[in-house]
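Just so you know, all these numbers are worked out from the coordinates, no wet-lab data involved. Note that this is a predicted model, so its numbers are computed, not measured. Using ideal geometry, Cβ is built from the backbone for each residue, glycine included, and neighbour counts are taken over all protein chains shown.
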Amino acid sequence: MKIVPALIPYLAVLLGMHVLSSAWAAMLFYHAGMLLFLCIRKSSGDWKKIGRGCSPLLIPAMIVCALAAPVVYFMWPFLRISEHALVEWMAEYGLTGAAWMLLIPWFSVVHPMLEELHWRGIGPEGAERLCWQDFAFAGYHVFVLYELVYWPWLFMVFGILVGSSFFWRWAAERFGGYLLPVLTHAVADAGVLMGVWLLIRR
């Protein structure tokens, strides 16, 4: 059943962050779960799709996704629950020092690649409309961010992520590969981390 792999990030966040108080534990549980289901599905062909699917939309889409950095940086005063929420949250879940610095390349390269392989693999074959996997993908991010972001803004974050999931599904089907979804996803993730990095340095 496809609902089981869709629950992996929720279980990983619950165990890693709310039991072990470790963002790294949550991410590694999530990645291990995705790799497990990729092996179960025998999706060796999906790995080959990472290098396929280039399109004229690639550069414009990457530019749009790069806007995540200024959006996080300039919108944070409006999004945050409290002035010190971000620094306190990062410290609580172990994202300081070397753990934080290692997260940046891992989250920007490994994470988006695994997520695209995983979520595209459990999504429906057609990309004609929104599906429950789009909402499941967006929902686990809200599960992570609810302690950081003032709740009315979580609806906006949720909507953006639902739309992003649909766009990546559509692009993978339309262009016959995961190159555009993986690269734009990576740019978006790197942009978010860049915005966070700038915030904690000021």
*asked:* Going by amide H atoms built from the backbone, whose H comes under 5 Å of the H on ARG80, apart from near neighbours?
replied: TYR150
*Mean ellipticity per residue at 222 nm, deg cm²/dmol - from DSSP H runs of n ≥ 4 across the chain, formula -39500 (n - 2.57)*: -23500 deg cm²/dmol
_Can you give the local net charge around ASP189? Use residues other than it whose beta-carbon is closer than 15 angstrom to its beta-carbon, Lys and Arg +1, Asp and Glu -1._
-2
*Once a ≥ b ≥ c are taken as the square roots of the eigenvalues of the Cα gyration tensor of segment 96-169, is the result rounded (a/c under 1.5), prolate (a/b larger than b/c) or oblate (a/b not larger than b/c)?*
oblate
*How do 139-146, 109-116 rank on mean C-beta neighbours within 10 Å, highest first?*
109-116, 139-146
*In debye, nearest 20: dipole of segment 49-201 around its Cα centre with unit charges on the Cβ of K, R (+) and D, E (-)?*
380 debye
*For LYS42, put the label point 7 Å out on the Cα→Cβ axis and report which residues of segment 91-123 keep their amide N under 14 Å from it.*
none
*Specify, per residue and in Å³, the volume enclosed by the convex hull of the alpha carbon atoms belonging to the chain.*
115 Å³
*State the Cα centre-to-centre distance between segment 122-189 and segment 37-82 in whole Å.*
9 Å
*For segment 1-74, rounded, prolate or oblate, judged on the Cα gyration tensor with a ≥ b ≥ c (square roots of eigenvalues), a/c < 1.5 rounded, else prolate if a/b > b/c?*
oblate
_GLU125-PHE158 pseudo-label distance in nm [points 7 Å out on the Cα-to-Cβ vector]_ = 3.2 nm
*With contacts defined as alpha carbon pairs under 8 Å and 6 or more residues apart, what's the relative contact order of the chain in percent?*
36 percent
